[in-house]
Amino acid sequence: MPFNASKCKVMHLGNGNSKFSYFMGDHKLESVNEEKDLGIFITDNLKPTRQCQQAYSKASKTLGLIGRTISFKNKDVLLRLYKTLVRPHLEYCSSAWSPYYEKDKFLLERVQHRFTRMVPGLKLVLRKQT
């Protein structure tokens, strides 16, 4: 199978890496710190922070769009919209980038908290249960 050398890149992992230059034929491969593949950001330190920020950004924009455009704010309608449009951004390939830092988890949970404030009557129900 022939490779397109101009599309190939090298990512050096680890702190003690010598960061050698690699060639494919006569073409020197570009060295990168992060790369996006199938919608997942992989960084040279293998931390999921960049992916969490991207997921938060997309989900937050979608939630804002729902809040601005939907005038009939029924609990069932908003819940279906959230599950259909927002949650896929938060859950896409989460087994691959699985957030394990508290700051990353908190960032993703902010979208969920924002959604619960958007639904009329949901805060009152949650307070009564606790």
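The values are calculated or read from the model by the stated rules, or taken from the named source; none is laboratory data. Note that the structure is predicted; figures quoted are calculated from it, not measured. Cβ sites come from the backbone with ideal geometry, for glycine too, and all protein chains shown count toward neighbours.
So the values come out like this:
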read-out	value
Test: residue in the stretch 77-94 that is surrounded by fewer than 12 Cβ atoms within 10 Å (Cβ to Cβ) and more than 18 Å from the chain's Cα centre (by Cα)	yes
Any hit, the stretch 76-95, residues being over 21 Å from L122 (Cα atoms), assigned to a loop (DSSP other than H, G, I, E, B) and assigned by TED's automatic domain parsing to the domain that holds L122	yes
Residue in the stretch 38-58 that is loosely packed, with under 13 Cβ neighbours inside 10 Å, out of contact with any Gly (no Cβ under 9 Å at 6 or more places or on another chain) and among the basic types (K, R) present	no
Failed condition for K73, given (1) modelled with pLDDT under 90; (2) under 19 Å from L107 (Cα atoms); (3) among the basic types (K, R)	(2)
One residue from T62, T116, T69 being out of contact with any Ser or Thr (no Cβ under 8 Å at 6 or more places or on another chain) and touching a residue at least 12 places away in the same chain (Cβ under 8 Å)	T62
Members of the stretch 36-68 that are under 22 Å from E102 (Cα atoms), of a type in the set (K, R) and touching a strand residue (DSSP E or B) at 6+ places or on another chain (Cβ under 8 Å)	R50
Qualifying residue in the stretch 58-69 (condition: over 13 Å from the mean Cα position of the chain (by Cα) and outside any helix (DSSP H, G or I))	no
Flag for I42 being more than 15 Å from L108 (Cβ to Cβ) and assigned by TED's automatic domain parsing to the domain that holds E102	no
